[in-house]
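Take a look at the structure set out below.
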Amino acid sequence: MKCFVGIDLGSTTTKAVVMDDNGQSLGHGITNSRSNYDTASKVAKMEALVSARLTMFRRALKSIDELNGMVDDVIDGLERNFRLELFLEQLGDLRQTCIKQVRQPGYTGQWDQLSEALDEIFNRLEQSLLALFAPGAERKSDFFRDLAGAEYMNVGEKVAAESGLAFDNLLNVYDKSIIEVENRPPETALAEKFLIALDRVFTERKIPADTQIVRSRIEEALGIDFEETYTVGTGYGRVRLPFPKEHIRSEILCHGLGAHLMYPKTRTVLDIGGQDTKGIQVDGNGIVANFQMNDRCAAGCGRYLGYIADEMNMGLHELGPMAMKATRTVRINSTCTVFAGAELRDRLSLGEKREDIIAGLHRAIILRAMSIISRSGGITDEFTFTGGVAKNEAAVKELRLLVNENYGDVTINIDPDSIYTGALGAAEFARRAGTGVPQSH
Amino acid sequence: MNTAAKTEVVKESSMVRQKEMIARNYDALTSTAETGKKVASTFVPGNLNELIMSFGMLNNLPEINAINNGMRRKSGMMIMDAERRGHSEDVCTYVKADIGQMSKGNIAPNGKPMPPPDLLLLSYTGCFTFMKWFELLRHEYGCETAMLHVPYTGDGVITDNMRNYVVKQLKEEVIPKLERVSGVKFDIDRLRENLRLSAQAEDDLVWVLQSARNVRSPIDAYFGGVYYIGPIFSAFRGTQEAVDYYRVLRGEIEERIKKGLGPITPEGDMPEEKYRLVVEGPPNWTSFREFWKMFYDEGAVVVSSTYTKVGGVYDLGFRHDPDNPIESLADYCLGCYTNRNLPTRVEMLENYIEEYQADGLLINSIKSCNSFSAGQLLMMQEVEKRTGKPAAFIETDLVDPRYFSAANVKNRLESYFQMVDQKRSAKAA
């Protein structure tokens, strides 16, 4: 089948959306942008194609009556086991790369000892990753780097202590190898991995249908060829994409169109990403009428929260929940990220509660975003909030308050998949270009 | 990296002529010790070049020096020097570049030191910073200073009262000081002759700028435009040289129209005209080429700009008038672009968009220039509303290289061009 791909290369993450020729989104994928946009776009696209394939499976399994009410469970299991396969493959690659690393002259004399330690680490890692992908297990991230990295630290420290090796050496080996592995997209042969994953699903649980029929439906769905007809790239890294110029669209247009596709009544879009904040006005066809962005300074963006999280020695995703516990909002005046760090320490020393200060920081971000929106022409009903920060409940809470104070009763749309808004718009542009639909319709 | 800088720059004969004129002027300025000529420092908007020359004096324009230093990538260090001397980050960067230049021996582009001014002649207060700037220079040089107060045309018109007030100051304050400093008696006939030459050049300049009304414009009225206004906005208004320059330039452009050519860029003729834009605000000088390239690479031609009116809004009909010499100087000062109120500026932009069949408006807002930037966002929204054409807003600075974020500017420009495309295809459908 014909499919159309949109890729949004952001400063923090790269997103991809795959669409069919009716404009239906088939799947989406995300990966960390790394410093290598080529790989990031390949991985994001592969992830989106995997997600599109899962959509095909879902459609295929729906025709099996016995699976009624549990198709989603089967698909979840299939995806989880498929990811496990991918992770195991990457883990194998990481193991080989680490072992190659210790052959470097810097480790002369320790080669045997280090290789032995690495073997031990990776054997244990494999077990703990298997546990992470067991049914019902929770994972903090779906990025290989995050999962493998965290586990390597844990296991590596123990193995180093047991074997009397310097953990620093093991850490160096890992640091050098992970970059290499991350920049090497997994080998394809995805179909094979899906079938292995399916077998694992069958052994994990009893399926109330003939497994042969399930298997043959899945095989049929695997047989559908995704014919990549047109790809459009957007985002800061777009010029790095190996596409001709006409395959590149500005992220302003893509976000405007993406928000329109998600919520057709959208007239104002706010996107807060890693390093930029955009206020966009769109018309009834999703055509951009006006926009404003932050300039020169990224203080009102996602990275601001990242910096604050580092300053507080917290995880980025812990900030929102902590701010939600605030009983009051401390006023943070600084418009500069680094100064906000200083203000934060100052407030702490004055005895203010952490949650109240963090609530104030969330408000500070939203205040800056409000200024950008007002410069782009204000908020007209309906208002759609997108980007990584839209997932942060404390930021959303402040936004709702400020929108209501300044613009009254406005419908605020926040899609759980809003991080894909730009890629969705890009995919629609790709579809229009690839099917000859006018760009404005 | 700017690739245009590496390639050989394409030049027409008017460009070569202009370069020689500017070089000669710097040579005249840096050889006053030998020639005994007196120097008046003054500013481009509201400059009284015809009057200064009628006393046999030379004019030195600190903003032009700052622009020169900006384009030669020297202003960054100069600005940092001025900041070390206590000037805030937010002060006009022309001022800081000038102060930085003074602290480094006040060397002109020809490598020779500039003479200290004999007179600081402030003849325009539409930019309030000019007044403070000259206060700093007065402190530095301790020379004679004349400050002419030009009332703001807040209601959009020049009243008789305003004109009389400026004429009175010219007669009672400025002319006597020029006589005193130069040792030359005021000669109104000499002034009339200079004004006559000004008007001739002004006619040709207007023709040149309005040639962009052609669809397939033969000029870029912003990036190219700043070269075209060079002689008349600087030391050459009221000279035969300027008259000759504009005659040659007009001939070149007539030729371009005949041949159906688009604007000339540093990389040669623009092959296509995809977008026609009106631009409000000065350009960025430190990355001028890179900034221009972002336009011509996309086929974007600026068909009209307000910056090319800062030294005189001639296209709205004003001409220096030899029959009413002092009054026309007063009208000139009062009619400068930044002395006009916001409704007048909105109307100008709206008319430009219509008359030049532009696709939309682009505002380059300058961080350190409030006399230009204040109110620009409101202007933009109003122009959008009246014309229904898309507008965009970018932010850079005059000569502070730290405030030109190429990735950011390019991103916004590309978004804007694509927005124009989208609007167009929506209209076609």
Among residues of the stretch A:92-117, those that are touching a residue at least 24 places away in the same chain (Cβ under 8 Å), closer than 11 Å to A:Val181 by Cβ and of a type in the set (Gly, Ala, Ser), counted:
0
Across (1) farther than 20 Å from A:Ala430 by Cβ; (2) in a helix (DSSP H, G or I); (3) at pLDDT below 90; (4) outside the structural domain of A:Ala150 (by TED's automatic domain parsing), A:Phe87 clears everything bar (4)
Looking only at residues in the stretch B:82-108 that are touching a residue at least 60 places away in the same chain (Cβ under 8 Å) and small (Gly, Ala, Ser), which one is nearest to B:Cys369 (Cα to Cα)?
B:Ala97
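State yes or no: is B:Gly375 of a type in the set (Gly, Ala, Ser), touching a residue at least 24 places away in the same chain (Cβ under 8 Å) and away from chain A (no Cβ under 12 Å)?
Numbers: of a type in the set (Gly, Ala, Ser): yes; touching a residue at least 24 places away in the same chain (Cβ under 8 Å): yes; away from chain A (no Cβ under 12 Å): yes.
For B:Gly375, the condition - of a type in the set (Gly, Ala, Ser), touching a residue at least 24 places away in the same chain (Cβ under 8 Å) and away from chain A (no Cβ under 12 Å) - is met.
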Just to check your reading of the model, which residue among A:Leu78, A:Leu86, A:Leu67 is over 23 Å from A:Glu47 (Cα atoms) and either crowded, with 16+ Cβ neighbours inside 10 Å or acidic (Asp, Glu) (or both)?
A:Leu67
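Evaluate the following for A:Gly320: is it at pLDDT below 90, more than 30 Å from A:Arg432 (Cβ to Cβ), crowded, with 16+ Cβ neighbours inside 10 Å and of a type outside the set (Ser, Thr, Tyr)?
On the way: at pLDDT below 90: no; more than 30 Å from A:Arg432 (Cβ to Cβ): yes; crowded, with 16+ Cβ neighbours inside 10 Å: yes; of a type outside the set (Ser, Thr, Tyr): yes.
Here the answer is no, as A:Gly320 does not meet what is asked.
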Out of curiosity, is B:Met162 in contact with a Leu (Cβ under 8 Å, 6 or more places away or on another chain) and closer than 21 Å to B:Met53 by Cα?
no
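Would you confirm whether any residue within the stretch B:401-410 is outside any helix (DSSP H, G or I) and touching a residue at least 24 places away in the same chain (Cβ under 8 Å)?
yes
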Considering every residue within the stretch A:149-157, establish whether at least one is free of Cβ contacts under 8 Å to residues at least 12 places away in the same chain and closer than 19 Å to A:Arg34 by Cβ.
yes
Can you say whether B:Gln210 is among the polar types (S, T, N, Q) and surrounded by fewer than 18 Cβ atoms within 10 Å (Cβ to Cβ), as far as the supplied structure shows?
yes
Checking A:Glu192 against (1) crowded, with 21+ Cβ neighbours inside 10 Å; (2) of a type outside the set (A, V, I, L, M); (3) within 26 Å of A:Arg58 (Cα to Cα), only one condition comes out false. Which one?
(1)
Within the stretch A:258-289, restricting to residues that are part of a strand (DSSP E or B) and without any contact (Cβ under 8 Å) to a residue 60 or more places away in the chain, the one that is farthest from the other protein chains (Cβ to nearest Cβ) is A:Val282
Out of B:Thr338, B:Thr308, B:Thr344, I need the residue that is modelled with pLDDT of 95 or more and within 21 Å of B:Gly230 (Cα to Cα). Which one?
B:Thr308
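Which of the residues that make up the stretch A:206-229 are outside any helix (DSSP H, G or I) and closer than 16 Å to A:Met70 by Cα?
Of all residues in the stretch A:206-229, those outside any helix (DSSP H, G or I) come to A:206-210, A:224-229.
Those that are outside any helix (DSSP H, G or I) and closer than 16 Å to A:Met70 by Cα: A:Lys206, A:Ile207, A:Pro208, A:Ala209, A:Asp210.
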Residues being of a type in the set (A, V, I, L, M) and over 24 Å from the mean Cα position of the chain (by Cα): count how many of those fall in the stretch A:144-158.
1
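Being out of contact with any Cys (no Cβ under 7 Å at 6 or more places or on another chain), within 14 Å of chain B (Cβ to nearest Cβ), over 24 Å from A:Val43 (Cβ atoms) and not in a loop (DSSP other than H, G, I, E, B) is the requirement here; does A:Ile252 meet it?
Numbers: out of contact with any Cys (no Cβ under 7 Å at 6 or more places or on another chain): yes; within 14 Å of chain B (Cβ to nearest Cβ): yes; over 24 Å from A:Val43 (Cβ atoms): yes; not in a loop (DSSP other than H, G, I, E, B): yes.
Taking the combined requirement at face value, the residue satisfies it.
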Per the list (1) in contact with a helix residue (DSSP H, G or I) (Cβ under 8 Å, 6 or more places away or on another chain); (2) under 22 Å from B:Asp331 (Cα atoms); (3) not hydroxyl-bearing (Ser, Thr, Tyr), residue check on B:Phe223 breaks on (2)
Any helices (runs of 4 or more DSSP H) falling wholly within the stretch B:1-93 and containing at least 3 residues that are surrounded by fewer than 23 Cβ atoms within 10 Å (Cβ to Cβ), modelled with pLDDT of 90 or more and out of contact with any helix residue (DSSP H, G or I) (no Cβ under 9 Å at 6 or more places or on another chain):
B:13-29, B:32-35
Where the second residue is among the polar types (S, T, N, Q) and the first is without any contact (Cβ under 8 Å) to a residue 24 or more places away in the chain and lies in the stretch B:56-81, which pairs have Cβ atoms under 6 Å and are six or more apart or on separate chains?
B:Asp81/B:Ser103
The residue from A:Val403, A:Val389 that alone is β-branched (Val, Ile, Thr), in contact (Cβ under 8 Å) with a residue 40 or more places away in the chain and part of a helix (DSSP H, G or I) is A:Val389
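Residue-by-condition table, conditions (1) of a type outside the set (A, V, I, L, M, F, W, C); (2) within 11 Å of chain A (Cβ to nearest Cβ); (3) touching a strand residue (DSSP E or B) at 6+ places or on another chain (Cβ under 9 Å); (4) assigned to a helix (DSSP H, G or I):
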site: B:Ala358; (1), (2), (3), (4): no, no, yes, no
site: B:Ile363; (1), (2), (3), (4): no, no, yes, no
site: B:Ser368; (1), (2), (3), (4): yes, no, no, no
site: B:Ser371; (1), (2), (3), (4): yes, no, no, yes
site: B:Met380; (1), (2), (3), (4): no, yes, yes, yes
site: B:Glu384; (1), (2), (3), (4): yes, yes, yes, yes
site: B:Ala392; (1), (2), (3), (4): no, yes, yes, no
site: B:Glu395; (1), (2), (3), (4): yes, yes, yes, no
site: B:Leu398; (1), (2), (3), (4): no, no, yes, no
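Listed residues B:Asn351, B:Asn408; which is more than 11 Å from chain A (Cβ to nearest Cβ), farther than 30 Å from B:Glu173 by Cβ and of a type outside the set (Lys, Arg)? Give the derivation first.
Numbers: B:Asn408 fails: more than 11 Å from chain A (Cβ to nearest Cβ).
None of the others qualify; the one that does is B:Asn351.
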What's the number of the only condition in (1) polar (S, T, N, Q); (2) surrounded by 24 or more Cβ atoms within 10 Å (Cβ to Cβ); (3) modelled with pLDDT under 95 that A:Thr268 fails to meet?
(3)
Of residues in the stretch B:412-425 being under 16 Å from B:Ser365 (Cα atoms) and more than 7 Å from every other protein chain (Cβ to nearest Cβ), the one surrounded by the fewest Cβ atoms within 10 Å (Cβ to Cβ)
B:Leu413
Quick check on B:Gly260: is it under 21 Å from B:Glu355 (Cα atoms), surrounded by fewer than 19 Cβ atoms within 10 Å (Cβ to Cβ) and out of contact with any strand residue (DSSP E or B) (no Cβ under 8 Å at 6 or more places or on another chain)?
yes
Take the residues of the stretch A:126-157 that are crowded, with 18+ Cβ neighbours inside 10 Å and aromatic (Phe, Trp, Tyr): which is nearest to A:Cys98 (Cα to Cα)?
A:Tyr152
Can you name every residue in the stretch A:334-371 that is more than 20 Å from A:Asp276 (Cα to Cα) and either outside any helix (DSSP H, G or I) or among the aliphatic types (A, V, I, L, M) (or both)?
A:Ala342, A:Leu344, A:Leu348, A:Leu350, A:Gly351, A:Glu352, A:Lys353, A:Ile357, A:Ile358, A:Ala359
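The values are calculated or read from the model by the stated rules, or taken from the named source; none is laboratory data. Predicted, not measured: the structure shown is a model, and the values here were computed from it. Cβ coordinates were reconstructed from backbone atoms using ideal geometry, including for glycine residues, and neighbour counts include every protein chain displayed.
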